[in-house]
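Since the structure comes first, as structure tokens, the remarks are kept for the end.
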């Protein structure tokens with residue numbers, strides 16, 4: 001995988017290059033200190049991936065990512081920044097990774113391990129998704145927090161969302177991931193894909209299999225691929241039964 005490093009701090013580029021050199025099948029093909037240099041280097045070496053700083057003099061990394069998204073094929077982008085408030089804007093450009101400085105070896109390795117499982121056609125397809133595509137309907141991917149840092153989670157993989165105090169999690173086959181969104185916001189956006197079963201839970205209609213009794217008067221959702229689904233409140237039980245009847 002061919003990588004272009006873009007960062008206005010020489011020491012940051014040196015550290016990234018040193019860490020990338022420890023990974024298999026990764027080659028740093030160029031470096032740039034700003035967006036203008038990055039565009040020139042991109043034309044010269046046509047990298048597969050940009051490891052891209054966000055806050056730079058002149059054009060920001062997010063603006064540069066949008067420009068590069070117009071190319072065919074477009075490179076994949078992994079952002080690295082000292083400020084986590086850029087996460088949502090970064091992922092709106094369909095970046096495939098987001099790392100906080102100073103870059104940690106294990107998190108960098110996790111991002112590039114994920115990228116290495118995608119072929120060039122898949123990388124290009126993800127990188128060239130436009131903001132207009134995003135605006136046509138509900139998102140296809142969510143920005144989530146995990147042990148490896150911030151990443152993208154396909155909405156199609158989510159079995160259910162649930163809220164626990166101030167936190168909302170997406171439950172999927174690989175485990176759980178934290179979201180920076182409320183359950184109400186998710187319900188409004190994904191009303192055609194998820195149904196509320198409790199004040200603290202939304203379940204995916206695609207994986208909904210049925211209702212099971214727990215004890216004398218409690219019920220849980222039965223979901224494909226999950227050993228146990230969330231509890232159903234009495235208030236939402238009639239509507240859920242109606243959705244199941246409609247589905248069958």
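Quick notes on this structure:
- Principal semi-axes in Å for the range 141-247 [√(5λ), Cα gyration tensor, largest first]: 23, 14, 13
- Cα-projected label distance for residue 237 with residue 9, points at 7 Å along beta-carbon direction, nm: 5.7 nm
- Fewest-first ordering of 62, 232 by other beta carbons within 10 Å of each residue's beta carbon gives 62, 232.
- As a calculated quantity, the FRET efficiency between residue 67 and residue 224 at R0 = 41 Å, using C-beta atoms, amounts to about 0.50.
- Estimated FRET transfer efficiency when R0 is 30 angstrom, pair residue 184-residue 114 (beta carbons, to 0.05): 0.50
No lab work stands behind these numbers, since they all come straight from the coordinates. These numbers come from a predicted model, not from an experiment. All Cβ positions, even for glycine, are placed from backbone atoms using ideal geometry, and neighbour counts span all protein chains on display.
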